[in-house]
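> My questions all concern the structure below.
Each value in this text was obtained by applying a stated rule to the coordinates, not by laboratory testing. Predicted, not measured: the structure shown is a model, and the values here were computed from it. No Cβ is skipped: glycine too gets one built from the backbone with ideal geometry, and neighbour counts run over all protein chains shown.
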Amino acid sequence: MSEWREAFCPLCGRTMGMRTVYRSPGKPYFGIAGRENKWDLTREFTGEKPFGVVKSSEGKGTLKTLRYYEIDEDVEGFFPPMKARLLAILGEWQAKGLITREEVEGALS
């Protein structure tokens, strides 16, 4: 029996860990080239992205991206709980000694 580890996202609660990289993308039977930490991929995500995405169901499990939208179009109210959770995370991590006030202030400047 094999086991693996994944870390919870403090914002959404989903888990993510290592990702298997295949020699030929989409063809796992050609062999494994290695493994990479999926959390490293989050560094590529910047604040230059739109706030959200509008998708439609095309049937049979297919989703189509229709367009992106900005925060002023957040009619569902996603932003307020996201903001509250992010601020709570900072407080929780500071209380646990995982981050310092100086690190947070440095990131904000």
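> List the longest stretch of the chain that has no exposed loop site; here a site is one of the trypsin sites (Lys or Arg not before Pro) assigned by DSSP to anything other than H, G, I, E or B, with at most 12 other Cβ within 10 Å.
On the way: sites that count: Arg5, Arg14, Arg23, Lys60, Lys96.
Longest site-free region, per DSSP loop and neighbour criteria: 24-59.
> What number comes out for the charge environment of Ile99, summing +1 per Lys or Arg and -1 per Asp or Glu over other residues with Cβ under 11 Å away?
-2
> Would you kindly state the longest site-free stretch of the chain, with sites defined as chymotrypsin sites (Phe, Trp or Tyr not before Pro) in a DSSP loop (not H, G, I, E, B) surrounded by at most 10 other Cβ atoms within 10 Å?
The longest uninterrupted stretch comes out as 46-109.
> I've got another one for you. Which label belongs to the value computed from this structure, given these candidates for mean projected area of the Cα convex hull in nm²: [x] 11.3; [y] 6.5; [z] 11.7?
Read-out taken from this structure: [x].
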